[in-house]
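The values are calculated or read from the model by the stated rules, or taken from the named source; none is laboratory data. Since this is a predicted model, take the numbers as computed values, not measurements. Heads up, the Cβs are rebuilt from the backbone with ideal geometry, glycines too, and the neighbour counts pull from every protein chain shown. For the accessible areas, the whole protein counts, side chains as well, though only heavy atoms, and no ligand, DNA or RNA atoms are used. Shrake-Rupley method; radii C 1.70, N 1.55, O 1.52, S 1.80 Å.
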Amino acid sequence: MTWLNSHPLTFLVFAPTLIGFLIMALPHSLGRLSRMLGFMGALAVFVLSLAWLLGHGSTGATILVERAPWFTLVGLPVDYHLAVDGLNLWLVLLTTFLVPLTMLGTWNSLKDRIGTFAALFLLLETGMLGALMAQDLFFFYLFWEAMLIPMYFMIGVWGGDERRYAANKFFLYTLSGSLLWLVALLYLANKAGGFNPILMGQAATTLPFSVQCWLFISFAVAFAIKVPLFPLHTWLPDAHVQAPTAGSVILAGVLLKLGGYGFLRFAIPIFPAAAMHYAKPLALLSVIAIVYGALVAMVQRDIKKLVAYSSVSHMGFVMLGLASFTVIGTQGAMLQMLNHGISTGALFLLVGMVYDRAHTRMIADFGGVAVKMPVFTAFFLIVTLSSIGLPLTNGFVGEFWILNGAFLSGFGWGRLYASLATSGVLLGAVYMLWMFKRVFWGPENKDPDSGTHHLHSDLNAREVAVLLPLVVLILWMGIHPRTFVAVSEAPVVNLLREANAPPVRTFVLKPAVHQAPAAHEAGPEGHAAEPAAHEVHR
Amino acid sequence: MNLTPSQWAALLPLLYPVIGGCLVALMSLDKDQATTKWIRAAMYGTALLAVGATFWYLTDLWTTGSQPAFFQLHMDRLAQFTGIFVVVAAALTILQGWDHFHQEGWVKGETLALLLFSVSGMMLFASTTHFVTLFLGLELFSIPLYALVGTVRARSESAEGGMKYFLTGAVASSCFLMGGVIIYGLSGTLDLAIAAPVLAAKGLGTDPLVLVGAALLLLGFLFKVSAVPFHQWTPDAYEASPHPIAGFMSVATKGVAFIALLRIFPVAFKDLGVVGVKMQAVLAVLAVVTLVLGNLTALVQTNVKRMLAYSSISHAGYLMLGFVAGTPAAFNGVLFYLVIYLAMNMGAFGLLTAFGLVGEKTTFDDLRGLGWKRPAMGVSAAIIMLSLAGIPPMGGFYGKYMIFRELVATGHVGMAILGVLASLVSAYYYLRFLVALFLQSPGAEAERLASDRPLVHAPLAGASVLVCAAIVMAGGFLQAFLANGFARRALVDGLGLLR
């Protein structure tokens, strides 16, 4: 137990792999046992992560850290450096939370090779947790690449009709970005004498600005592919639509977050000047992603594809928040990453549940589902409203902060881009509600061949148990978001101060009244969303 | 003959395989049907014993750190490294050969004897700078290989591939010989390590004739590593030869040729500054062409063996990039890469045997769905193919990492970018192997045929594949041990680099 006390993060990261190997060693015929074993293992990891990571106060300091020299190859030392701090705490918890939940939610979706699927799922969890916790860039790169392997097989083996194409596209697309990034990483490591991001940041400042820009671009492209930022998003609809439900949930829930997290953790702190230099193009691409994603989502006939394009739109908000270089915008991006993980994850689960019954995802095949499946409809409605960004749900807070941050940002383009991005919120309401109307209201749409869909059963207890925690989180994050962003506030403020972000612009009629009193108004009574908003006036 | 212990020690690693080869050849004379089975087992046992004895002897030399020599033959750490490398490849080949030749129905003793002679020649080739000894080694390992390619005489394309390999190989050997003759004629010494300072002292360092001689020598090496434009024989020869032999050629020939190239060009010729620089430029151009052509051609192959042949061409390109960087650390990376490459390619060709693909039935379609039928082989295949593509945490990634790192450090950023793009392209065709194994279900016709055929039984090949997969994974997690403790020490003690 002493080993466990000193290496909790190692345990969290690699325990899923151990269980995964154990499952792989079990014979094929024990698939059901393997699935149960995998679920119990993932659940145990979740419980342990809650127990070990929460309750360390919200000081913003590093919560847990493990660091040791690992190996030195061709003169470059690599550290075994895992840490959980304010920036990744909730993303780690989101990961450990979503994995068992998704396993439970897709319990009966797969018919064959369920044991292998569970094993791959656990290997993927190791990759995701490792990438989130790794603080050494080489170590991060290992997890970042290794993550592709289980996902490739999950899409390729258990996916839809076009699964081979989608899996290859996903793999090669991501690999192309990260291989070029590797060259930049090696270049910088040569200058810094190692892969420590702090040393790298110091080395980067000694380089000519044009070199910094090139290096930042290669970092940014690797992360932007994962986000995915327009125009690098084209792998996403294929991968999402072809992946099995569990794959889609994790892809949307965690893998995309790693892109945004990569910006926040590595790209911006290492190259603050270059990042600021490219804030405008990044923001422009984000705005395009927001509007374009929403417009394309509107015309989709497949519900899953619609959700996939809505992901492009929502992740565009994350990038806009990061590009605003304000505390509130960045905090909004942090929250929006969690939001998107919860809401889009829930949407993919819901689509999976209805697909398991009807074996179709075409909007035109549905109609009047509300009558047949009232409980399902209620859940779907809540998640839809959260995705749209209705106040009191999580979507509202995240998007509001991001738009607020963009609007207030010290860059000249802030107000225009914020206004344009706001149309994305509106379009979001259009495509989601229109889809909701066509699927759930109206007369029942019978299948012309069999005369009926298999929508004979509403959600069972297992499915309700999966969705309830998600709905609770949606409301909690909408009502008291501070729970989820308090820890990241100090690191974000610190990050922006070190990046020399331009001071925010205030658009108030009486500046004399509003400038000073930030400290006095800090009382948080009742207004959950308020305190973070006040941080704008730093 | 009064040889000192040191001289014996230098000779013994070469003698063991030769003695084994002679014994096997004698055993194969026995044509008595009744004892055939036992004779076969004895031949394979003898071959393994010879290889094992060499391995044991070389590891013993390695651990004691002694560097015996026999006149121009230096059994130094680098030669010991090469010996261990070749011997491990040969052992895996013998194990896979047992299963493969039974599947083909063509178990002959001379195959093993030729293989063992070739092993001896390879060690000779990589442990000297003396030109005549070098040429002797080259021919001693090449001629058996020409015969081995065409060994399954029942297949008509087997003879074709062997002939093609022989004719092109003979031209390359004669070019190599001509290059050596030119250098000898100008310097008056056969030892290339002495020739270089002599030529430099005579002021012939930039003489066009010296450049021609060096270029012809280089051509000989590049032919053996199958670099573009001397690669044409590779796909045909691999396709024609039995799977284990193709694996052995792809690994051992390439490995020893690179190690000998390392011994001659950057080290022995270092006094001929301009030769080194010019050769580096030539290698840079050829490495680019090799990477582009090898990878793009591999993309469109439907036959797994031809794909692996083009893949081995493209790996020659990565290894040449190490020479382009030209620093001791890059050579360290090249040696590490070779160790992993040994496991990857012997594993990849071993998989074909383990899956029981014989004759012409080596297309991607023949692999369909086999990963699920043989899970252990399937997982090994995934490890090996992803490592070939250079995906971490497999060992292949670290080989590329070390080489690219040195490229970037020496200012060849463009080459590094080209290298990573090449490995991006390569990921597609390696994934295709996995697509066939896992993502495609066998066609109805193949299913019917499979049910007719008896179940493939290839325990030794399977075991060798598992060993290879284990080495590949070890390369990913014990990378520092392999690179610093094994490859680096070969360079430090063998060539005095990196000291």
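For region A:278-505, with equal point scatterers placed on the C-alpha atoms only and solvent neglected, what are the log10 I(q)/I(0) values from the Debye formula at q = 0.11, 0.14, 0.18 1/Å, to two decimals? Listed by q, the Debye log ratios stand at -0.56, -0.83, -1.20. Here is the link list: B:Lys202/B:Lys224; A:Lys111/A:Lys437; B:Lys164/B:Lys270; A:Lys257/A:Lys280. Which ones come out longer than 26 Å on Cα distance? Beyond 26 Å between Cα atoms: B:Lys202/B:Lys224; A:Lys111/A:Lys437; B:Lys164/B:Lys270. Taking amide H as placed 1.01 Å from N in the peptide plane, the amide H of A:Tyr80 sits under 5 Å from that of A:Ala68, A:Trp70, each at least 5 places away or on another chain. Once you list every other residue whose beta carbon is under 14 Å from the beta carbon of A:His233, what net charge do they have if Lys and Arg are +1 and Asp and Glu are -1? With Lys, Arg at +1 and Asp, Glu at -1, the net is +2. How many angstrom lie between the Cα centre of region B:188-226 and the Cα centre of region B:251-330? Distance between centres, Cα-based: 19 Å. Counted by Cβ distance under 13 Å from A:Pro69, the other residues give a net charge of -2, where Lys and Arg count +1 and Asp and Glu count -1. Residues whose amide H lies under 5 Å from that of B:Phe70, counting only those 5 or more places away or on a different chain, are B:Met75; hydrogens are built 1.01 Å from N in the peptide plane. Among the complete DSSP H segments of chain A, which ones combine at least 18 Å of alpha-carbon extent along their axis with a mean Kyte-Doolittle hydropathy of 1.6 or more? For chain A, where a helix must reach 18 Å along its axis and average at least 1.6, the hits are A:8-25, A:89-105, A:114-133, A:209-226, A:279-298, A:374-388, A:461-479.
Placing a pseudo-label 7 Å from each Cα along the Cα-to-Cβ vector at A:Lys111 and A:Trp70 gives an inter-label distance of 4.2 nm. The mean accessible area for residues of region A:237-308, using a 1.4 Å probe and ignoring ligands and nucleic acids, is 22 Å² per residue.
Computed from the alpha carbon positions, the gyration tensor of region B:5-495 leads to an equivalent ellipsoid with semi-axes of 35, 27, 20 Å, biggest first. If you fit an axis through the alpha-carbon atoms of helix B:328-354 and take the longest principal axis of the Cα set of chain B, what angle between them do you get, 0 to 90°, nearest 10? Orientation of helix B:328-354: about 20 degrees from the principal axis. Annotation for the A:B interface, with buried accessible surface near 3300 Å², both sides summed [1.4 Å probe; non-protein components not counted]. All other residues with a Cβ under 12 Å from the Cβ of A:Leu82 taken together, and with Lys, Arg as +1 and Asp, Glu as -1, what is their net charge? Spelling it out: positives minus negatives among the neighbours equals -3.
Between B:Cys22 and B:Leu136, the distance separating the two model label sites (each 7 Å from Cα on the Cα→Cβ line) works out to 1.5 nm. When the surface is traced with a 1.4 Å probe over the full set of protein chains, B:His102 keeps roughly 80 Å² accessible. Given a 1.4 Å probe and the protein chains as shown, B:Val132 ends up with an accessible area of around 70 Å². Compute the long axis of helix B:273-299 from its Cα atoms, compare it with the longest principal axis of the Cα atoms of chain B, and write down the angle in degrees, 0 to 90, nearest 10. The answer is roughly 10 degrees. Just the protein heavy atoms count here, and of the accessible area of chain A at 1.4 Å, carbon and sulfur take up 66 percent. Compactness of region B:221-289 is given as radius of gyration and Dmax, 14.0, 43 Å, from Cα positions. Short-range pairs are left out: with C-alpha atoms under 8 Å and at least six residues apart, the relative contact order of region B:5-495 is 16 percent. Around the amide H of B:Asp191, modelled in the peptide plane, lie the amide H atoms of B:Phe131, all under 5 Å away and 5 or more residues distant in sequence or on another chain. The charge dipole of chain A, taken about the Cα centre with unit charges on the Cβ atoms of Lys, Arg (+1) and Asp, Glu (-1), comes to about 520 debye, rounded to the nearest 20. Relative to the longest principal axis of the Cα atoms of chain B, the long axis of helix B:375-388 makes an angle of roughly 30 degrees. A run of chain A free of exposed loop cleavage sites, with GluC sites (Glu not before Pro) counted only in DSSP states other than H, G, I, E and B and at most 15 other beta carbons within 10 Å, reaches its longest extent at A:163-443. Qualifying chymotrypsin sites (Phe, Trp or Tyr not before Pro) in region B:71-128, where qualification requires a DSSP coil assignment and no more than 15 other C-beta atoms within 10 Å, comprise B:Phe71. Distance distribution note for the protein assembly as shown: the fraction of Cα pairs above 41 angstrom is 46%. When +1 charges are put on Lys and Arg Cβ atoms and -1 charges on Asp and Glu Cβ atoms, the dipole computed for chain B relative to its Cα centre reaches about 540 debye.
Where only DSSP H runs of four or more residues are counted, the protein assembly as shown gives -23500 deg cm²/dmol as its mean residue ellipticity at 222 nm, each run worth -39500 (n - 2.57).
Across the options B:Leu192, A:His340, B:Gln301, the greatest Cα extent toward the positive end of the charge dipole of the protein assembly as shown (unit charges at beta carbon of Lys, Arg, Asp, Glu) belongs to A:His340.
A 26 angstrom limit on the alpha carbon distance is what I want to check against. Which of A:Lys191/B:Lys400; B:Lys31/B:Lys361; A:Lys169/B:Lys254 exceed it?
As for pairs spanning more than 26 Å Cα to Cα, those are B:Lys31/B:Lys361; A:Lys169/B:Lys254.
Report, in whole Å, the centroid distance computed from the Cα atoms of region B:103-140 and region A:26-52. Value for the Cα centre distance between the two parts: 53 Å. Computed extension gain for B:Glu157 through B:Phe71, at 0.36 nm per residue and net of the alpha carbon distance, reaches 26.7 nm.
Once the C-beta distance of B:Gln280 and A:Asn494 is scaled by a Förster radius of 51 Å, the resulting FRET efficiency is 0.60 to the nearest 0.05. Taking a ≥ b ≥ c as the square roots of the eigenvalues of the Cα gyration tensor, chain A is oblate, since a/c reaches 1.5 or more and a/b is not larger than b/c. What you get for the protein assembly as shown, charging only the Cβ of Lys and Arg (+1) and of Asp and Glu (-1), is a dipole of about 500 debye around the Cα centre. In sequence order, region B:364-371 has phi-based couplings of 4, 5, 6, 8, 3, x, 5, x Hz under the Karplus curve 6.51 cos²θ - 1.76 cosθ + 1.60, θ = phi - 60°, and Gly or Pro positions carry x. If a paramagnetic tag sat 7 Å from the Cα of A:Thr483 along the Cα-Cβ line, which residues of region A:26-56 would have the backbone N under 13 Å from that point? Under 13 Å, as judged by backbone N against the label point of A:Thr483, lie A:55 of region A:26-56.
Taking every C-alpha pair closer than 8 Å and separated by at least 6 residues, the mean separation divided by the residue count of region A:278-505 gives a relative contact order of 29 percent. Compared with the direct C-alpha span, the chain from A:Asp161 to A:Glu444 gains 99.1 nm at full extension, assuming 0.36 nm per residue.
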